[in-house]
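Data block below; observations after.
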Amino acid sequence: MPILFVAITAMLIQQTVATTAKVGIPSLIPAVARELHFDAELVLLYTAFYAFISLLCMAGCGGVIRRFGALRTSQFGCVLMGLGLALVPLADSAVPAFLFLTLAASFISLGSTAATPASSQILAVYAPRKWAPLVFSIKQTGVPAGVVISGLLLVPIAVTYGWRGALIGMAILCIFIAIMLQPLRERFDKDRDETARPRLKDFKDNLCDVLNHSERRVLGLVAFSFVGMQSIYMGFTITYLFEDLAYSLEEAGKIVGMATVLAIPGRILWGWIGSTLVKPRLLMGLLALVMACSTSFMGALEADWSRTACLLVNCSVSLSVLSWHGVLLAEVARLAPIGEAGRITGGVLAFGAIGQIIFPLLFGLGYWVGGYGFAFLIISLPAVIIGISLSVLRNS
């Protein structure tokens, strides 16, 4: 079996389970909040704390990957996600829920955040440079696949068996994936350095290696905007449809799940286009303009809009906000020194984690000032600037 196929398959599986774990709790927050008596909009705090831990993980994961190997790092991540998911069902009231949700956000963030730089480290070795955008895009279809699983499977399971049962089942799956990856460890971690030691200095070095390189710095700004917008869609849309537009929890989950399905072929399409027809940077600029428009339309939704109209808006968001990843990651890997793709990817995506912190705050401020319409509009503005810079000014 070709080693590239094995690498893509293994990393696709771990990326899928990482995303399912990441969005699983936000997807079920309405049910958890209703049973334990707290405000479901507090999911924004969960998202912001998750992003803060993600920032630390992204900035410092290079040393861990170098010491233990990318595959072992992925296994560590699966175990941490399983522990985080298993904690939340222990809560029986609002106060313990806040404690367990905080711990869960920490464990799940550490585990799921490590998935992308670890997989980039592996794929950068085996992917042909010309086809890297397509290879990375195929692997990154695990992100929308994870959202689909959350919306179309995890939420209905929670409706039928309770949110506790759904989270425990997902925790067991995470541990199972960690075990299943073990036979690949020796092949994929053969470049690990057992004498290396993760250091606090890694955080500064990784960020400086992005900021001090002009092309990487641009990718860091792209990650800031794109990941920030994605965090709002993935972490808050189900709650938005449920709380503000009067959808049932199951209906909201189905709409998000069905829209997100499009991001799977969408990522592959953008990856193919970025490998053959359009330079990756120009493609990212065009996608930025599309996601700015589609996100603005999210804020225009009203409770009396048809289900079809609501689904179409969500689909347009999915094809842009959830479909750019492989193109960006391939560019990051191209600009990384040999053997350093995982570390540089972590450094670039650390700025994405900053976006995950800032964008919920911007979204909350926009909602407080002018409701959901203004909230969605304000988070689309950075994408407009990036889109004009990459697709218009750079090519004028």
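The values are calculated or read from the model by the stated rules, or taken from the named source; none is laboratory data. In this text, all values refer to a predicted model and were calculated from it rather than measured experimentally. Ideal geometry is used to build each Cβ from the backbone, glycine not excepted, and the neighbour counts take in all protein chains shown.
Here are the numbers:
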| quantity | calculated |
| --- | --- |
| Some residue of segment 325-332 being in contact (Cβ under 8 Å) with a residue 40 or more places away in the chain and closer than 14 Å to ASN206 by Cα | yes |
| Wholly enclosed helices (runs of 4 or more DSSP H) of segment 200-265 bearing at least 2 residues among the hydroxyl-bearing types (Ser, Thr, Tyr) and farther than 30 Å from LEU152 by Cβ | none |
| Flag for LEU335 being closer than 15 Å to LEU221 by Cβ, more than 18 Å from the chain's Cα centre (by Cα) and surrounded by 24 or more Cβ atoms within 10 Å (Cβ to Cβ) | no |
| Leading residue by the ranking (nearest to the chain's Cα centre (by Cα)) among those in segment 237-247 that are surrounded by fewer than 22 Cβ atoms within 10 Å (Cβ to Cβ) and closer than 17 Å to GLY24 by Cβ | THR239 |
| Residue in segment 87-103 that is closer than 30 Å to TRP270 by Cα and surrounded by 23 or more Cβ atoms within 10 Å (Cβ to Cβ) present | no |
| Residue check for ALA70: touching a residue at least 40 places away in the same chain (Cβ under 8 Å), within 21 Å of SER150 (Cα to Cα), buried (at least 22 other Cβ atoms within 10 Å of the Cβ) and touching a Ser or Thr at 6+ places or on another chain (Cβ under 8 Å) | no |
| Matching entry among SER150, SER137, SER112, SER106 (being free of Cβ contacts under 8 Å to residues at least 60 places away in the same chain and under 19 Å from the mean Cα position of the chain (by Cα)) | SER106 |
| Residue that is farthest from ASP189 (Cα to Cα), among those in segment 122-162 that are of a type in the set (Val, Ile, Thr) and touching a Ser or Thr at 6+ places or on another chain (Cβ under 6 Å) | VAL155 |
| Index of the failed condition, VAL95 passing every other in (1) at pLDDT below 85; (2) closer than 19 Å to GLY220 by Cα; (3) among the aliphatic types (A, V, I, L, M) | (2) |
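To keep it simple, each residue is scored yes or no on (1) closer than 23 Å to ILE13 by Cβ; (2) more than 17 Å from the chain's Cα centre (by Cα).
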| residue | (1), (2) |
| --- | --- |
| LEU249 | no, yes |
| ILE264 | yes, no |
| ILE268 | yes, no |
| TRP272 | yes, yes |
| VAL278 | no, yes |
| GLY285 | no, yes |
| SER296 | no, yes |
| ALA330 | yes, no |
| GLY347 | no, no |
